[in-house]
1. Please find, within the stretch 95-106, the residue that is farthest from ligand 1 (Cβ to nearest atom) out of those that are of a type outside the set (A, V, I, L, M) and surrounded by 15 or more Cβ atoms within 10 Å (Cβ to Cβ).
2. Conditions first: (1) more than 11 Å from ligand 1 (Cβ to nearest atom); (2) crowded, with 19+ Cβ neighbours inside 10 Å; (3) of a type in the set (Phe, Trp, Tyr). Tyr129 passes all but one, so which condition is the exception?
3. Just to be sure I understand, how many residues within the stretch 86-104 are more than 24 Å from Pro56 (Cβ to Cβ), under 14 Å from the mean Cα position of the chain (by Cα) and of a type outside the set (S, T, N, Q)?
4. Being surrounded by fewer than 12 Cβ atoms within 10 Å (Cβ to Cβ), of a type in the set (S, T, N, Q) and closer than 15 Å to Phe130 by Cβ is the filter here; which residues of the stretch 14-68 pass it?
5. Cβ-Cβ distance below 9 Å, separation of 6 or more or different chains: which pairs start in the stretch 94-122 with a residue that is at positive phi and end on one that is assigned to a strand (DSSP E or B) and buried (at least 20 other Cβ atoms within 10 Å of the Cβ)?
Amino acid sequence: IERTFSIIKPNAVAKNAIGAIYARFETAGLKIVAAKMVQLTREQAEGFYAEHLGKPFFDGLVGFMTSGPVMVQALEGEEAVRRHREIMGATNPDNALAGTLRADYADSLTENAVHGSDSTESAAREIAYFFTESEIC
Ligand code: ATP
Ligand code: MG
């Protein structure tokens, strides 16, 4: 069994889509094993996206991610990383397949509704960035 890390980004929270997105996770066989709503600080967002520091979209991304509350969660299931990325759809919503979360909830490449870990190594790091062991059920 594998874990992945998910963020429902500020634009999707603002659309009242948390419940609909949780239903997609659960229908896909992904179990929510930790969750909380947070208003990210600039430092938290910059640290989370450190791999993108210096890229032209970095400041816009940090600005967007701190523009309102996000929901962060750890998801567990078979092949959770791959399965979660499949239901999210492509990073750029123009390329996201119909029925994926980004096709349905993204507004732009930056405001693309959801984040999901890209590997089990990233998942472990990202889960630990937001949750202590005792917060994961
Ligand atoms: P995520 O990490 O959010 O699940 P990803 O792994 O598909 O998505 P990354 O390349 O890690 O995409 O980029 C992280 C986030 O930065 C993207 O989800 C998007 O919000 C934003 N982003 C990435 N590339 C661009 C770009 N060229 N222009 C604007 N924003 C971008
Ligand atoms: Mg990524």
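Throughout, read-outs are computed from the coordinates displayed, never taken from laboratory work. Owing to the predicted nature of the structure, the values given are computational and were not obtained by experimental measurement. FYI the Cβ positions are ideal-geometry reconstructions off the backbone, even for glycines, and counts take in every protein chain you see.
1. Checking each candidate, the answer is Asp104.
2. (2)
3. The number of residues fulfilling the criteria is 3.
4. Result: Gln39, Thr41.
5. Pairs that qualify, where the first residue is at positive phi and the partner is assigned to a strand (DSSP E or B) and buried (at least 20 other Cβ atoms within 10 Å of the Cβ), are Ala113/Ile8.
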